[in-house]
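Structure record follows, encoded as structure tokens.
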Amino acid sequence: MSAVADDRAQLPVLIVGGGFSGTLLAINIARQGVPVVLFERDQAALAKGLAFGTRRPEHLLNVRAANMSAFPDDPGHFLRWMGFSDADQCNRFVPRLAYGQYLREVLINSLGQTRRPLHVRADDVVDLVETAQGVDAVLADGRVVAGRTAVLALGHCLPRLPAPLAMLPPPLAWADPWHPEALAGLRPDDRVVLVGTGLTAIDLILSLDRSGHRGPIVALSRRGLVPRAHLPSGPDVAQVPAPTARSTALVGAVRRRAAQVGWRLAIDELRPHTQALWRAHDARAQASFLRHLRPFWDVHRHRLAPEIGARLDALQAEGRLRFVAGRLVDASVDADAAVLHWRPRGSNAIATLAAARVINCIGPEGDIAQARQPLIQALLGRGAMRADVHRLGLDVDPQWRVIGHAGQANPRIHAVGPLTKGIAWEMIAVPDIRQQVWALARLLAGVATL
């Protein structure tokens, strides 16, 4: 081994971002005997990230407890931590805050049990610079931390207000639904408009309901589609061969299967094959899916706990909640209210809706060119990485190495988690990220290939 290679082997893997993806990757790498430095500037988010950092007990996991282990080689790990043993407990959808505590405890235990050092630093990484030995993390205060390779685990980029709402100021409108002031100062009978009808909107509806809000809630999206609910008990999903059909033929095959076994089981059977199916289609076919089928896929694939589905039904029956389909046209301010003009789906007429609060629930920003993090802007600016073709995140290769503007994969900078949706499509749920970071950890430790 050369002196440079020997020196590089002693350097740690640098992981930027200490939410779920980064934390679990750090733990898995340390388990392989490789030193790790995990950077997370927001220590309150350490190990939890956005999804599991909630303090609201009404925000439940949308995956059953039985499938929430942090480790693919120990599927019962989370169940043991929760003290669950019987089938009823395994089918539960536990609060996300409990899962956040689980992840934090797993990290703390790993800090003292792994064979090689795992360090956590509350520093802000503003650049990654390649060196002869590997890569340097440049910190906001000018210090440098040397590593053998780096991994971007930055999670989701912050959301932006849709263009028709851009002129609305806070507190009338909030781009970030998780901002601590997003629901502050509302009167109990105020009307609230949520732009988006997916899982984020559901979280906001539940929080308003739990806080005692009794005013009307209107959730608006182009199609007005709402996530479906899980069944009370999990289906027994047998392994099935990967579908051979593609494009519209694949859609037809799934529909026929749904008619035979029910839509939930038909979708669940695709789970092990989803990433391979995505990669088997060219960019044009993927773009067609995103344009025409994505909203329908999302509401069937990413489901609600049964009790949440029942609560939404009750709120609609009481007249306190409406899901509507349409397109925003523009918005203005009238006294202390936001006035939205929107076109109901299937109509040419313009409707008006006044609200005391408008909250963006469309989801995180996918176009990394719009991201405000200095690290992303630095790497983009000098061509060290680029957006994927659909602008869902970063362009990466099958080994999760970032691809630069010249089209070459960088062997020293990888990415994990939601940033890699462009190549993986399904990369936001725990089961998918769990498998991704487990495999990448083994690759970086030199004990496996992808």
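The values are calculated or read from the model by the stated rules, or taken from the named source; none is laboratory data. Not measured: the values here are computed from a predicted model. We place every Cβ from the backbone using ideal geometry, glycine too, and count neighbours over all the protein chains shown.
Looking at the stretch 151-192 only, could you name the residues that are of a type in the set (D, E, K, R) and either under 26 Å from the mean Cα position of the chain (by Cα) or assigned by TED's automatic domain parsing to the domain that holds residue 42 (or both)?
Our first condition is that a residue be of a type in the set (D, E, K, R); within the stretch 151-192, this holds for 160, 176, 181, 187, 189-191.
Result: 160, 176, 181.
Working carefully through the options 255, 271, 284, find the one that is over 25 Å from the mean Cα position of the chain (by Cα) and charged (D, E, K, R). Break it down stepwise before answering.
Details: 271 fails: over 25 Å from the mean Cα position of the chain (by Cα); 284 fails: over 25 Å from the mean Cα position of the chain (by Cα).
None of the others qualify; the one that does is 255.
Residue 203 - would you say it is part of a helix (DSSP H, G or I) and within 25 Å of residue 340 (Cβ to Cβ)?
So residue 203 fits the description; yes.
Please specify each residue of the stretch 434-443 satisfying the condition of being in contact with a strand residue (DSSP E or B) (Cβ under 9 Å, 6 or more places away or on another chain) and surrounded by fewer than 22 Cβ atoms within 10 Å (Cβ to Cβ).
Scanning the stretch 434-443 gives a single hit, 443.
Exactly one of (1) out of contact with any Ser or Thr (no Cβ under 6 Å at 6 or more places or on another chain); (2) buried (at least 20 other Cβ atoms within 10 Å of the Cβ); (3) within 14 Å of residue 433 (Cα to Cα) is unmet by residue 63. Its number?
(2)
Checking the conditions here, which among 431, 398 is surrounded by fewer than 18 Cβ atoms within 10 Å (Cβ to Cβ) and in a helix (DSSP H, G or I)?
Unique residue meeting the criteria: 431.
Filter the stretch 356-390 down to residues that are crowded, with 17+ Cβ neighbours inside 10 Å and charged (D, E, K, R) and give me whichever is nearest to residue 220 (Cα to Cα).
357
Can residue 145 be described as surrounded by fewer than 18 Cβ atoms within 10 Å (Cβ to Cβ) and either modelled with pLDDT of 95 or more or out of contact with any His (no Cβ under 8 Å at 6 or more places or on another chain) (or both)?
no
Under 30 Å from residue 379 (Cβ atoms), in contact with a strand residue (DSSP E or B) (Cβ under 7 Å, 6 or more places away or on another chain) and surrounded by 19 or more Cβ atoms within 10 Å (Cβ to Cβ), is that true of residue 118?
Numbers: under 30 Å from residue 379 (Cβ atoms): yes; in contact with a strand residue (DSSP E or B) (Cβ under 7 Å, 6 or more places away or on another chain): yes; surrounded by 19 or more Cβ atoms within 10 Å (Cβ to Cβ): yes.
Against the criterion (under 30 Å from residue 379 (Cβ atoms), in contact with a strand residue (DSSP E or B) (Cβ under 7 Å, 6 or more places away or on another chain) and surrounded by 19 or more Cβ atoms within 10 Å (Cβ to Cβ)), residue 118 qualifies.
Mind listing just one residue for me: the one in the stretch 151-183 that is in a strand (DSSP E or B) and not small (Gly, Ala, Ser) and, of those, modelled with the lowest pLDDT?
157
Can you spot a residue in the stretch 226-240 that is modelled with pLDDT of 95 or more and of a type in the set (Ser, Thr, Tyr)? If you could, list the steps in order and put the result at the bottom.
Step one: list which residues in the stretch 226-240 are modelled with pLDDT of 95 or more, which gives 226-230.
Narrowing further to those that are of a type in the set (Ser, Thr, Tyr): none.
No, that holds for no residue.
Tally the residues that are part of a loop (DSSP other than H, G, I, E, B) and of a type outside the set (Gly, Ala, Ser), restricting the search to the stretch 16-61.
Counting residues in the stretch 16-61 that are part of a loop (DSSP other than H, G, I, E, B) and of a type outside the set (Gly, Ala, Ser) gives 17.
Across the stretch 401-428, what is the total count of residues that are within 15 Å of the chain's Cα centre (by Cα) and not in a strand (DSSP E or B)?
So the answer is 13.
Does residue 213 fit the bill of being within 30 Å of residue 344 (Cα to Cα), in contact with a helix residue (DSSP H, G or I) (Cβ under 8 Å, 6 or more places away or on another chain) and not aromatic (Phe, Trp, Tyr)?
Considered against the rule, which asks whether it is within 30 Å of residue 344 (Cα to Cα), in contact with a helix residue (DSSP H, G or I) (Cβ under 8 Å, 6 or more places away or on another chain) and not aromatic (Phe, Trp, Tyr), residue 213 comes out as no.
Write out, first by first residue and then by second, each pair whose Cβ atoms fall under 6 Å of each other, whose residues are 6+ apart or on separate chains, and whose first residue, in the stretch 181-206, is closer than 14 Å to residue 56 by Cα and of a type in the set (S, T, N, Q) while the second is modelled with pLDDT of 95 or more and assigned to a loop (DSSP other than H, G, I, E, B).
Here the result reads 200/177; 200/361, each pair linking the stretch 181-206 to a residue that is modelled with pLDDT of 95 or more and assigned to a loop (DSSP other than H, G, I, E, B).
Just give me the residues in the stretch 332-355 being touching a Leu at 6+ places or on another chain (Cβ under 7 Å) and over 18 Å from residue 216 (Cβ atoms), in sequence order.
333 - this is the single residue of the stretch 332-355 that is touching a Leu at 6+ places or on another chain (Cβ under 7 Å) and over 18 Å from residue 216 (Cβ atoms).
Every residue in the stretch 226-258 that is in contact with a Gly (Cβ under 9 Å, 6 or more places away or on another chain) and not hydrophobic (A, V, I, L, M, F, W, C), please.
Within the stretch 226-258, 227, 228, 230, 235 meet the criteria.
Among the residues of the stretch 239-254, write down those that are out of contact with any His (no Cβ under 8 Å at 6 or more places or on another chain) and either touching a residue at least 12 places away in the same chain (Cβ under 8 Å) or not in a loop (DSSP other than H, G, I, E, B) (or both).
Correct list: 239, 240, 248, 249, 250, 251, 252, 253, 254.
Identify the residue in the stretch 211-234 that is farther than 21 Å from residue 161 by Cβ, over 24 Å from the mean Cα position of the chain (by Cα) and not hydroxyl-bearing (Ser, Thr, Tyr) and, among all such residues, is surrounded by the fewest Cβ atoms within 10 Å (Cβ to Cβ).
So, considering only residues that are farther than 21 Å from residue 161 by Cβ, over 24 Å from the mean Cα position of the chain (by Cα) and not hydroxyl-bearing (Ser, Thr, Tyr), the one surrounded by the fewest Cβ atoms within 10 Å (Cβ to Cβ) is 212.
Could you tell me whether residue 391 is part of a strand (DSSP E or B) and either at pLDDT 95 or above or outside the structural domain of residue 280 (by TED's automatic domain parsing) (or both)?
no
Going residue by residue through the stretch 121-141, is there one that turns out to be more than 30 Å from residue 437 (Cα to Cα) and either basic (Lys, Arg) or crowded, with 17+ Cβ neighbours inside 10 Å (or both)? Outline the logic, then answer.
From the stretch 121-141, those more than 30 Å from residue 437 (Cα to Cα) are none; that's our starting set.
No: zero hits.
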